[in-house]
Each structure stands twice: as structure tokens, then as C-alpha cells.
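The values are calculated or read from the model by the stated rules, or taken from the named source; none is laboratory data. Predicted model only: the values in this text are computed from it and were never measured. Cβ atoms come from the backbone with ideal geometry, glycine included; neighbour counts cover every protein chain shown. Just the protein is used for accessible areas: all its heavy atoms, side chains included, with ligands, DNA and RNA removed. Shrake-Rupley method; radii C 1.70, N 1.55, O 1.52, S 1.80 Å.
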Amino acid sequence: MAKYQLRPKILVITEGYTERNYFNKFRERDTDYEVIVRKSPDNTAKKIFRFCVQMIKELGLDLKNGDSAYCVFDADYTKEEILNNLLKESKAKGIHIILSKPCFEVFYILHFNGDIDSLAIPKDVKKEISNFIPEYSESTDYWEKLLPKQSNAVRLSRRFVLGDTIDLKRCCNGSNIYEFFDEIERRKSSRKAE
């Protein structure tokens, strides 16, 4: 009987529909990995993280042997102390955090070389994004509009670096979503090398 090797899984737990719609586009065929995207039933950072831990167990993921897990949430209404505790816990468990300040849509704005530095709250971000995507809606899929500009947005997002701790008052606006893109690229490159 032939033995089939399971494809490594990349679990992405999102806070909202915007993130879920975006990450769902990474669920490609003919890859040697599988992307699983789930929207958390709750939108607080702590509960998103707990849901991720629960899904890792339910799906039987092995984060030490090829599988990965990402929690995607915004910094907008989360206390710094909670974020720092989650960063510490995520590193201990091998879970990646994709944090956006103030919210995920700043990454959309980077596709258009927009200025994100002055955007203090999500309301400001939504106003700014309407300059590039009129009648923007969180539940609409903008993949086709963003895709031609994606590499530029990823390049610009690299200024937002998560260390061992985060100081929300001092760190710039942005998202460390580039870490996810880096993993996808590594997986694709290793497949080509084989």
C-alpha cells in the first residue's frame, strides 16, 4: 500500500472579514502546502489567539514539523500589555502574530503608496482608503484590484517589525504581513529547488 505524505498546513485565524477575504486567496491548488483560513468568532486579540490554539489542536497541526499558524488582528483597541503578553505566549507556542496598526486596511493603502503615518484610528484609515477604493466595504473582495500592486505593498510593509515587545506609542503604523508572504515564498522556492 502506498504511503501518502500529508501536505504541511498553514492556519490563518483572522479577526474580521477583510482579513479573511484577503487570506482566502492564498488557498491555491497544486502547492505542496495547504492554507486554512478561519475567522475567529470573537474579535478581541486574546480570544483570537485562544481560538487559534484551539484550531491547532482540532486540526492536529504540528508546528514543530512543517505546519504553521498565524493570528491576524489589529492593534487598534487592544492594550499594549495584552499585546506583549500575546507576543510572548505566541513565541513560546510557535504561533506567528500578524499585527496591524491601527488596522489591517493600512496594508491596502500601502498598495497605492498612500501615507499611513498620520492615521490614528480605524475611522481615519477607512476615510483614507476611500481615496483609492471608492465605496470601500470590509466584506468586499478587492484581491484583483490589489494584486498588481501587491509586491510594492509587501515591500513597504517591511518597516513594521515586531520584536519581543511592542510600544504602540513609538512604533509606526503598518502591518508585519510580510512575514506571511515570506513564508509562502520560502515554501514555493523550496518546491522549485526539489
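Screening Ser137 against (1) free of Cβ contacts under 8 Å to residues at least 24 places away in the same chain; (2) part of a helix (DSSP H, G or I); (3) closer than 17 Å to Glu19 by Cβ; (4) not β-branched (Val, Ile, Thr) leaves a single unmet condition, (2). Based on this model, can you work out whether Ile98 counts as out of contact with any His (no Cβ under 8 Å at 6 or more places or on another chain), among the β-branched types (Val, Ile, Thr), without any contact (Cβ under 8 Å) to a residue 40 or more places away in the chain and closer than 29 Å to Ile116 by Cα? The answer is no for Ile98.
Step by step: first the residues of segment 105-134, then only those that are of a type in the set (Val, Ile, Thr) and not in a helix (DSSP H, G or I), then the one that is farthest from the chain's Cα centre (by Cα). Which residue is that? Ranking the qualifying residues of segment 105-134, first place goes to Ile133. The set of residues in segment 144-173 that are touching a strand residue (DSSP E or B) at 6+ places or on another chain (Cβ under 8 Å) and open to solvent by 80 Å² or more (accessible area, probe 1.4 Å) contains only Arg159. Restricting to segment 117-139, count the residues that are of a type in the set (Val, Ile, Thr) and open to solvent by 60 Å² or more (accessible area, probe 1.4 Å). Final tally of qualifying residues: 1. Could you please find all residues in segment 7-41 being charged (D, E, K, R) and within 22 Å of Val106 (Cβ to Cβ)? Of everything in segment 7-41, those that are charged (D, E, K, R) and within 22 Å of Val106 (Cβ to Cβ) turn out to be Glu15, Glu19, Arg20, Lys25, Lys39. Contact map, segment 114-127: first residue under 17 Å from Glu138 (Cβ atoms), second residue of a type in the set (Val, Ile, Thr), Cβ cut-off under 6 Å, separation 6 or more or different chains; pairs are Leu119/Val125; Val125/Val106. For first residues located in segment 141-156 and over 12 Å from Lys25 (Cβ atoms), partners that are small (Gly, Ala, Ser) and lie 6+ apart or on another chain with Cβ distances below 9 Å form the pairs Leu156/Gly174. Once segment 157-189 is narrowed to residues that are part of a helix (DSSP H, G or I) and touching a residue at least 60 places away in the same chain (Cβ under 8 Å), the residue that is farthest from Ile98 (Cα to Cα) is Lys188.
Pairing residues of segment 10-36 that are closer than 12 Å to Cys71 by Cβ with residues that are open to solvent by 50 Å² or more (accessible area, probe 1.4 Å) and in a strand (DSSP E or B), at Cβ distances under 8 Å and at least 6 apart in sequence or on separate chains, gives Leu11/Arg38; Val12/Arg38; Ile13/Arg38; Ile13/Lys39; Thr14/Arg38; Thr14/Lys39; Glu15/Lys39; Glu19/Lys39.
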